[in-house]
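Chemist: Could you have a look at this structure, given as structure tokens, before my questions?
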Amino acid sequence: MSTSTVSATSAAPKKAGGRKKLTLPWIMLIIAGGLALVSLVRVISGANDLTSIGQVSGALQLAVPIGLAGLGGLWAERAGVVNIGLEGMMILGTWFGAWAGYQWGPWTGVVLGILGGAIGGLLHAIITVTFNVNHIVSGVAVNILALGFTQYLSNFTFANAPGGSSKQSPRVEEIYKITVPGLSDWMATLQAKHWFFVSDLAGVVGGLVTELSLLTVVALLLIPGTWWVLWRTAFGLRLRSCGENPVAAESLGVNVYKYKYIAVIVSGGLAGLGGVFLSIVASPIYQEGQTGGRGYIGLAAMIFGNWMPGGMALGAGLFGFTDSLKLRGGAENVHAMLLLIAILLVLVCAWQLYKKKHFQGALSGVCAGGLFLWYALTDAVPSQFVDAAPYLTTLLVLALSAQRLRMPKADGLPYRKGQGK
């Protein structure tokens with residue numbers, strides 16, 4: 001064996017296109033670097049609530065329903081079905097979860113909410129897989145039907161219930177929350193010291209061990225669970241083959257229709273669970289319009305994550321973090337984020353120039369300079385910008401990550417059984 005062959009085989013594994021895979025040590029190093037950068041911004045700006053326990057807890061609570069919707073979209077699109085109907089499936093989850101929860105307890109509400117979302121997924125599967133209707137049209141139809149259906153049901157159920165109305169349910173009993181004794185108090189003490197990095201790390205850990213709902217734990221476990229099922233089992237391989245090349249999958253004996261149906265129904269169930277989280281954990285009451293477009297944001301998080309569970313979780317966490325900023329500290333926290341984004345753009349500029357992409361590098365540098373100037377000349381940002389910050393962050397991240405995305409090859413394409421013959 002030649003020297004060149006030995007060096008090639010001993011090199012780090014690479015993705016298609018010559019890029020190296022991110023191993024766990026590299027991922028942990030990137031996370032630590034990101035936390036150190038946030039810590040630096042906190043020290044400079046004095047916005048000590050950026051990584052507080054309350055901020056992390058709030059970010060997690062806001063990220064979970066988006067992450068569950070994103071997981072639902074991932075299941076469907078890995079099987080080749082675009083699921084714009086996630087919003088409607090979340091709406092069904094909120095309604096059925098609250099309806100069953102206030103009568104028979106929160107865990108019954110969880111089960112019924114998942115079933116409600118799964119029914120929405122089944123409807124989307126029938127329309128797209130069996131009748132081959134355009135996936136976008138079907139998803140929009142599911143959203144409209146779910147909204148009208150829940151409004152109609154509320155008039156006959158919640159309107160006559162004690163403490164309810166035509167637009168909201170009676171209060172639902174909360175799901176048990178976990179606090180790790182000793183560790184939670186220790187993290188709170190460290191976080192209050194406002195030390196560089198150490199206090200920020202304590203704030204993150206404290207947010208994960210203080211007043212953590214059991215349903216949040218379930219949602220977090222679903223992320224590695226999805227990865228294991230779809231990438232480490234024969235079932236997952238068959239399902240993903242339906243999203244990459246359904247004709248080839250059929251030629252190997254895979255029942256493409258069955259796997260698409262399973263994927264879209266699971267997708268609806270996960271989105272329904274995200275809706276349950278909103279109506280039982282985030283706010284133990286159903287309210288009309290409660291989802292607030294989180295199904296669409298979950299879809300954006302999935303795209304940002306390149307149709308992978310880990311990347312999707314990072315996207316959901318980013319939106320949850322920026323959304324939580326406006327609830328705690330508001331304008332001060334978002335003002336500090338201007339400095340963070342400016343520093344990130346400087347790093348992007350340096351990377352683009354290193355790659356000899358001079359126009360992109362110059363554009364990043366100009367934007368960074370503008371943000372530095374904005375930060376230096378102001379003490380706060382307008383309230384309208386605070387409200388729009390999570391959505392602007394989502395658009396910015398999607399724009400910066402668009403060049404590295406690769407969707408499943410047959411995602412959204414029409415398929416008929418036997419079409420390859």
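Chemist: In the calculated pair distance distribution of the chain, what percentage of Cα-Cα distances lie above 30 Å?
Modeler: When all Cα pairs of the chain are counted, 48 percent exceed 30 Å.
Chemist: OK, next. Find the accessible area per residue for the chain; the probe is 1.4 Å, ligands and nucleic acids are left out, and the unit is Å².
Modeler: 48 Å²
Chemist: Please find the FRET efficiency linking ALA376 to VAL217, where r is the Cβ-Cβ separation and R0 is fixed at 56 Å, and quote it to the nearest 0.05.
Modeler: It comes to 0.85.
Chemist: Can you tell me which of ALA316, ALA376, ALA79 moves the most in a GNM of the chain? Springs connect C-alpha atoms under 10 Å apart.
Modeler: Residue with maximal mean-square fluctuation among ALA316, ALA376, ALA79: ALA376.
Chemist: Taking the Cα atoms of the range 98-239, report the difference between the largest and smallest coordinate on each principal axis, in whole Å and largest first.
Modeler: Projected onto the principal axes, the Cα atoms of the range 98-239 cover 59, 49, 26 Å.
Chemist: Shifting gears a bit: Run the 1.4 Å probe and let me know the accessible area of TRP195, rounded to the nearest 10 Å².
Modeler: 130 Å²
Chemist: Moving to a separate point now. When every alpha-carbon pair in the range 22-61 is counted, what percent end up more than 11 Å apart?
Modeler: Summing the P(r) of the range 22-61 above 11 Å gives 66 percent of all pairs.
Chemist: Give me the number: length gained by fully extending LEU347 to LEU405, i.e. 0.36 nm times residue separation minus the C-alpha to C-alpha distance, one decimal in nm.
Modeler: 18.8 nm
Chemist: Let me ask another. Could you rank THR226, THR157 by how accessible they are, 1.4 Å probe, largest area first?
Modeler: I get THR157, THR226, largest accessible area first.
Chemist: From the phi angles alone, apply the Karplus equation (6.51, -1.76, 1.60; θ = phi - 60°) to the range 356-372 and give each ³J(HN,Hα) in whole Hz, x where the residue is Gly or Pro.
Modeler: 6, 9, 5, 5, 4, x, 5, 5, 5, x, 5, 4, 4, x, x, 5, 4
Chemist: Right, another one. Given LYS258/LYS417; LYS357/LYS409; LYS258/LYS409; LYS260/LYS417, which pairs have Cα atoms separated by over 22 Å?
Modeler: With Cα atoms farther than 22 Å apart: LYS357/LYS409.
The values are calculated or read from the model by the stated rules, or taken from the named source; none is laboratory data. In this text the structure is predicted, and so the values were computed from the model without any measurement. Counting neighbours? That spans all protein chains shown, and the Cβs are built from the backbone with ideal geometry, glycine included. Calculation scope for accessible area: heavy atoms of the full protein, side chains included, ligands and nucleic acids excluded. Shrake-Rupley method; radii C 1.70, N 1.55, O 1.52, S 1.80 Å.
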